[in-house]
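Engineer: The structure follows.
The values are calculated or read from the model by the stated rules, or taken from the named source; none is laboratory data. The structure presented is a predicted model; accordingly, all values stated were derived computationally and were not measured. Here the Cβ positions follow ideal geometry from the backbone for every residue, glycine too, while neighbour counts run over all protein chains shown.
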């Protein structure tokens, strides 16, 4: 009996994970069918890759905020690092690998690695802090990364790679190519149709997170969130697991950034500002802390929403805010949650009553039969 | 009700007393001249104790005497300002809480500290953390070692939970358990780290008399099956006098008496610390 119970509960987690994978795959299939049927507006088509990007951003931030339990306000910084490192490598390889898809895959890996390295560097000082302090430092990190890349000049010519933080000192030989041109950012990139790759990347990130959470390391990360002192007392290395959660999250954001860059022909660092970090945080909070499926759905819906609200023109962001507040009220309101619970209990009671009544009838019938005999 | 133990306590050369059966063996814990000052306040001063490898020892004292601070010193939540701590003869100087746990001390907390959002089984598995053998990558890629180690951990967790007959609660969230069960789960989690010395901080707090007597039996059972030492802080004198072999009494950060239950009960300094001085005349 005990074993049966356990199996059911184990299946519950796995089942729930597969439902999440299923939602992503179903969304992909539906979009592909609609596109083949020509029923998708060009506006929505242009949004497909950003949706993938924001979904990955949301689930990776959910790893930091929901699973590790640390509020990070600089997630767009890692995205930025991934976008620019990935795009630069992709442009450098343009002559070597003419095919766009393998180059994109390489740029995703490079973006993830660079973001992970920056994650480690930022993590060393930042993870000594907790709560609000950590939030403030990550916020500063996001701004610093933005300023750094806005003032960065990287170019490629026959002498190799050139790098400078001062425009006046930056010279390229004849025929050289500018890769990152300070505030102008990246330009002249070739756009890649990367919707399918984006979906695969979402599934990969989901799989990593689900598998991590159900393993020894993921448990340790969640233990830190719940009670740091208790975690230390049972021999869990706090720094190691905090860093692990933070860096995995950063690497995913980096890959998302590289994917984002592949969708544009030009890109500026100012795109990855504080607002982007907050936007992703909104997805996470709306979807529920630690709830990956919620993050996926919230990110997809809220990326599309501003475009659907174009009818309101100037009042678009106002409507967005109202819708957001409305959703928050409905999904996070304890009064409404209680109400829903009551309805459920009532239904349960009703069905229980019905069952009891049926039982009673049966009993009556049986006794009547017996008496008849 | 657990039967009263009649253990003869003998002095050992290093410090203090241990049960006679442990006299030839190295004590699992020796604390010598242990002390910590917070600012000008001496929270613990010249604390000496030795615990035999299979001893159940008690640490009692009025509220605010510094008992939990002693536990925090032993587990290096605070770094002591004076004195030394030896675990199985190993000096714990400069060790972290994590290293002290690996050296063999596990503890529970006065104010329960469970991983509330995780299940009972996951809590125990976290106690097993350092004995589960696979890397993060193997875990993410679900390699054969992951399945094998997780299966073993699952079985071991249920086995440990069965000490307190809690295996049916394995899938409940730890935070949703009743108070007594949370206390028991904390002990199971501590035991899962495979300690040589178990520190219990008020294990019977909030328990009713029948639960307490069950706990007493269980503490003895744990000592006998795992062959480990237990050092406990408790205000319930039935429990302390019933199962503790050696008892130390702490007041204002200082040990005022050490000995067996009888010796402690008849010690005038202890009576004074708990009840105050008799008025002259």
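Engineer: Please list, ordered by first then second residue, the pairs with beta carbon atoms under 8 Å, 6 or more apart or interchain, first in the stretch B:96-117 and more than 21 Å from residue A:239 (Cβ to Cβ) and facing chain A (nearest Cβ under 8 Å), second surrounded by fewer than 17 Cβ atoms within 10 Å (Cβ to Cβ) and at pLDDT below 95.
Structural biologist: B:109/A:229; B:114/B:175; B:116/B:173; B:116/B:175; B:117/B:173; B:117/B:175
Engineer: While we're on this one: Run down A:326, A:288 and say which single residue is touching a residue at least 40 places away in the same chain (Cβ under 8 Å), surrounded by 10 or more Cβ atoms within 10 Å (Cβ to Cβ) and in the same structural domain as residue A:55 (by TED's automatic domain parsing).
Structural biologist: A:288
Engineer: Right, here's the next one. Pick from the stretch B:155-179 the residues that are in contact (Cβ under 8 Å) with a residue 12 or more places away in the chain and over 20 Å from residue A:226 (Cβ atoms): which of them is surrounded by the most Cβ atoms within 10 Å (Cβ to Cβ)?
Structural biologist: By that ranking, first place goes to B:164.
Engineer: Another question, if that's okay. Go through (1) at pLDDT below 90; (2) surrounded by 14 or more Cβ atoms within 10 Å (Cβ to Cβ); (3) assigned by TED's automatic domain parsing to the domain that holds residue B:63 for residue B:200 and report which single condition fails.
Structural biologist: (1)
Engineer: Does residue B:251 satisfy the criteria of being modelled with pLDDT of 90 or more, surrounded by fewer than 22 Cβ atoms within 10 Å (Cβ to Cβ) and under 22 Å from residue B:46 (Cα atoms)?
Structural biologist: The answer is yes for residue B:251.
Engineer: May I pose another question? If a residue has to be touching a residue at least 12 places away in the same chain (Cβ under 8 Å), more than 24 Å from the chain's Cα centre (by Cα) and surrounded by fewer than 11 Cβ atoms within 10 Å (Cβ to Cβ) to count, how many in the stretch A:126-165 make the cut?
Structural biologist: The qualifying residues number 2.
Engineer: Looking for something closer than 30 Å to residue A:70 by Cα, surrounded by 15 or more Cβ atoms within 10 Å (Cβ to Cβ) and in the same structural domain as residue A:125 (by TED's automatic domain parsing) - is there at least one such residue anywhere in the stretch A:180-197?
Structural biologist: The answer is yes; a qualifying residue exists.
Engineer: In this structure, is residue B:211 surrounded by fewer than 21 Cβ atoms within 10 Å (Cβ to Cβ) and either outside the structural domain of residue B:226 (by TED's automatic domain parsing) or part of a helix (DSSP H, G or I) (or both)?
Structural biologist: So residue B:211 passes the test.
Engineer: Do we find a residue being more than 30 Å from residue A:101 (Cβ to Cβ) and either away from chain B (no Cβ under 12 Å) or touching a strand residue (DSSP E or B) at 6+ places or on another chain (Cβ under 8 Å) (or both) anywhere in the stretch A:247-264?
Structural biologist: No.
Engineer: Regarding the stretch B:35-45, can at least one residue be identified that is in contact with a strand residue (DSSP E or B) (Cβ under 9 Å, 6 or more places away or on another chain) and without any contact (Cβ under 8 Å) to a residue 24 or more places away in the chain?
Structural biologist: Within the stretch B:35-45 (the criterion being in contact with a strand residue (DSSP E or B) (Cβ under 9 Å, 6 or more places away or on another chain) and without any contact (Cβ under 8 Å) to a residue 24 or more places away in the chain), the answer is no, since none of the residues qualifies.
Engineer: Give A:84, A:18 a once-over and let me know the one that is modelled with pLDDT of 90 or more, surrounded by 22 or more Cβ atoms within 10 Å (Cβ to Cβ), part of a helix (DSSP H, G or I) and assigned by TED's automatic domain parsing to the domain that holds residue A:194.
Structural biologist: When all the criteria are applied, what remains is A:84.
Engineer: Additional query: If you go through the stretch B:120-147 one residue at a time, how many are free of Cβ contacts under 8 Å to residues at least 12 places away in the same chain and more than 9 Å from chain A (Cβ to nearest Cβ)?
Structural biologist: 4
Engineer: Sort out which residues of the stretch B:215-241 are at negative phi, in contact (Cβ under 8 Å) with a residue 60 or more places away in the chain and assigned to a loop (DSSP other than H, G, I, E, B), and write them in order of number.
Structural biologist: Scanning the stretch B:215-241 gives B:228, B:234, B:235.
Engineer: Does the stretch B:89-141 hold any residues that are touching a strand residue (DSSP E or B) at 6+ places or on another chain (Cβ under 6 Å) and in a helix (DSSP H, G or I), and which are they?
Structural biologist: B:103
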